[in-house]
Amino acid sequence: MRLSSNQLTFDLFNEPFGSSSPRVAAAVDVLASHGGVEARGAVFTRTEVVNFILDLAGYTQDQPLCRKRIIEPSFGAGDFLLPMVERLLAAWRVSNIGGSIVADLSEAIRAVELHHDTFTTTRATVIERLKQEGINRQSAITLVNCWLLQGDYLLAPLDGRFDFVIGNPPYVRQESIPAELLVEYRSRYQTMYDRADLYIPFIERSLRMLTEGGRLGFICADRWMKNRYGGPLRQFVSEKFHLKAYVDMVDTPAFHSEVIAYPAITIITREKPGPTRITHRPSIDQTSLAALAEELLAKRVPKNDSQVWELTCVTNGSEPWLLNSTDQMALLRRLEQQYPTLEETGCKVGIGVATGADKAFIGNFDALDVEPDRKLPLVTTRDIVSGEVHWSGQGVINPFRETGGLVDLHDFPRLRQYLEARKDMIASRHCAQKNLLNWYRTIDRINSALTFTPKLLIPDIKGEAHIVYERGALYPHHNLYYITSEAWDLKALQAILLSSVSRLFVATYSTKMRGGYLRFQAQYLRRIRVPYWNDISEELRKQLIEAAGSQNLKACNRAAFTLFGLTDEERSVLGGNGD
């Protein structure tokens, strides 16, 4: 997705934080009063990681922190807030300012928390910590009353700008946000696009509040860096800011509990864009992280044996951020310049049918009591686990005519009886509520011709490519993506898609899940580059087809490496020569 400057422009200082309507205020109060940890998107960060982020952002006690301002947008139990307070006090003690602690530090920290009980508990903890540091009770209370704010960070009026915004924004999906509040957020934040999760506007507002040269340090899901809904935020960063550092936190114990979303640490500064320092999967211990922070902040690029490297032009408008090694990026760019995309060579990428009510529309094929031409044999992810199709006997109801549009139920009495017996379940779906006359449609239109079309089937979430040939007898379910082509031999294409070359494309553009699993979605599959079928020699065609038939990944790599003319260096970037 590209968003031109005519489609989306950002005013860095435009913050429309006026009063909210009573309905919005009521929705905020419900969230502040109710909801457990999961509903609020609260994830607690380990102390070693907190200190690492504070170091990367430059909030260190050797700096004049008394004259700086820092804000924590969602302080929760104080994972970030308490270390901030400790560093501020340490810096104050060596500053020799000479004034009272309240006068000196009342403006140094702002921290916001929505949840009432959490706010109260953490407030008491901070007061107690200040008392332990030798600060009298009244001064501690006064400071905390200046520092802490109970409310919605996205709506709260906040005074002035900040040198640092640091924390772990809540990870809340749109479905969990009250409708009135979602409308309000969309009216205030330009990056609240498509199905953006709550951390997106958190990042936008935080960036807007930075002083010149100010720094944001967040740990949160990395999905916005590559997926559709992150496009406007990526463009905002590209136009106004510098992605200074990126730390890939996949499969690292960064939090006190496991998370499904793939986390990353980003340091973004309000200054002229420049190179980005990158590292992956650091060891989570205080000593290792402190040393790594020094490397990431060093004036010169670390030596070759370092786990840190530097990339230029990571931010590029709304385009996905590509954060692989320099060698992998060089190979990717060469292939992108030299070869067309899958769809440009005559392939079609699609996704199987979503019904919105699988219990009603899907069942044992033979037991579905409808007219024979109103059901289709269905292939699911379970049917292709082995790498070949082993149909489990499922079928899907097809309410569509071959020419488009829904069939008239009066023409199909068995279908009508079957659907009306399940009408409560089917008609309650959102797609049915939008058009009551079409209550019995599936979410996606079913094109029965796809059943009889040979295709490659690809499950959505996998650690490695899982590409299965289906000869043209089954209709794909929603959890399967498919590729069809009249130009390419699908067996040969299967070998390429199984190879490390195709995995490079998917791994580069895809968001990742816990455990390093990739999303083999249509938007990422469409990024894969291949030659035109007519440009491939007969000998190489044969090698590709034989490699796919044997399901030998090394053979697939050997054929693909030859096809793309990879040098020895490029092959090593992908893990070897295919031997």
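Values for this structure:
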read-out	value
Residues (surrounded by fewer than 20 Cβ atoms within 10 Å (Cβ to Cβ) and modelled with pLDDT of 95 or more) located in region 448-468	Ser448, Ala449, Leu450, Phe452, Thr453, Pro454
Test: residue in region 400-409 that is under 25 Å from Val379 (Cα atoms), open to solvent by less than 20 Å² (accessible area, probe 1.4 Å), out of contact with any Phe, Trp or Tyr (no Cβ under 9 Å at 6 or more places or on another chain) and of a type outside the set (Gly, Ala, Ser)	yes
Residue in region 419-428 that is closer than 23 Å to His466 by Cβ and open to solvent by 10 Å² or more (accessible area, probe 1.4 Å) present	no
Total residues in region 275-300, condition of a type outside the set (A, V, I, L, M, F, W, C) and either under 12 Å from Glu48 (Cα atoms) or in a helix (DSSP H, G or I) (or both)	8
From the options Lys359, Lys375, residue that is crowded, with 21+ Cβ neighbours inside 10 Å, closer than 22 Å to Lys423 by Cα and not polar (S, T, N, Q)	Lys375
Filter result for Arg571 (surrounded by 20 or more Cβ atoms within 10 Å (Cβ to Cβ), farther than 17 Å from Tyr339 by Cα and either touching a residue at least 24 places away in the same chain (Cβ under 8 Å) or not aromatic (Phe, Trp, Tyr) (or both))	yes
Residue count, region 324-383 (criterion: assigned to a loop (DSSP other than H, G, I, E, B) and either more than 18 Å from Leu490 (Cβ to Cβ) or touching a Phe, Trp or Tyr at 6+ places or on another chain (Cβ under 8 Å) (or both))	15
Selection within region 176-235 - under 13 Å from the mean Cα position of the chain (by Cα) and under 15 Å from Ser74 (Cβ atoms)	Asp197, Leu198, Tyr199, Ile200, Ile219, Cys220, Ala221
Some residue of region 253-261 being surrounded by fewer than 24 Cβ atoms within 10 Å (Cβ to Cβ), among the polar types (S, T, N, Q) and either in contact with a Cys (Cβ under 6 Å, 6 or more places away or on another chain) or in contact (Cβ under 8 Å) with a residue 12 or more places away in the chain (or both)	yes
Within region 501-531, tally of residues that are of a type in the set (A, V, I, L, M, F, W, C), at pLDDT 90 or above and not in a helix (DSSP H, G or I)	2
Residues of region 302-341 classified as closer than 23 Å to Val237 by Cα and hydrophobic (A, V, I, L, M, F, W, C), total	9
Where Pro169 falls short, out of the listed (1) part of a helix (DSSP H, G or I); (2) touching a residue at least 40 places away in the same chain (Cβ under 8 Å); (3) open to solvent by less than 40 Å² (accessible area, probe 1.4 Å); (4) not basic (Lys, Arg)	(1)
Residue tally, condition β-branched (Val, Ile, Thr), surrounded by 15 or more Cβ atoms within 10 Å (Cβ to Cβ) and at pLDDT below 95, over region 314-353	2
Count of residues meeting criterion [at pLDDT 95 or above and either open to solvent by 30 Å² or more (accessible area, probe 1.4 Å) or more than 30 Å from the chain's Cα centre (by Cα) (or both)] in region 469-484	6
Given (1) touching a residue at least 60 places away in the same chain (Cβ under 8 Å); (2) closer than 20 Å to Thr269 by Cα, index of the condition Ile109 fails	(1)
Some residue of region 532-543 being at pLDDT below 90 and either within 21 Å of Pro340 (Cβ to Cβ) or surrounded by fewer than 16 Cβ atoms within 10 Å (Cβ to Cβ) (or both)	no
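Let's see how each residue does on (1) of a type in the set (D, E, K, R); (2) without any contact (Cβ under 8 Å) to a residue 24 or more places away in the chain; (3) open to solvent by 10 Å² or more (accessible area, probe 1.4 Å); (4) in a strand (DSSP E or B):
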{"position": "Thr191", "(1), (2), (3), (4)": "no, no, no, no"}
{"position": "Asp194", "(1), (2), (3), (4)": "yes, no, yes, no"}
{"position": "Trp224", "(1), (2), (3), (4)": "no, no, no, no"}
{"position": "Tyr229", "(1), (2), (3), (4)": "no, no, yes, no"}
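A quick yes/no check of all residues on (1) more than 25 Å from Ala291 (Cβ to Cβ); (2) open to solvent by 40 Å² or more (accessible area, probe 1.4 Å):
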{"position": "Tyr59", "(1), (2)": "no, no"}
{"position": "Ile70", "(1), (2)": "no, no"}
{"position": "Pro73", "(1), (2)": "yes, no"}
{"position": "Met84", "(1), (2)": "no, no"}
{"position": "Lys131", "(1), (2)": "yes, yes"}
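The values are calculated or read from the model by the stated rules, or taken from the named source; none is laboratory data. Everything numeric in this text was worked out from a predicted model, so none of it was measured. Here Cβ is always computed from backbone atoms with ideal geometry, including for glycine, and neighbour counts include all displayed protein chains. Keep in mind that these areas ignore ligands, DNA and RNA; they rest on the heavy atoms of the full protein, side chains included. Shrake-Rupley method; radii C 1.70, N 1.55, O 1.52, S 1.80 Å.
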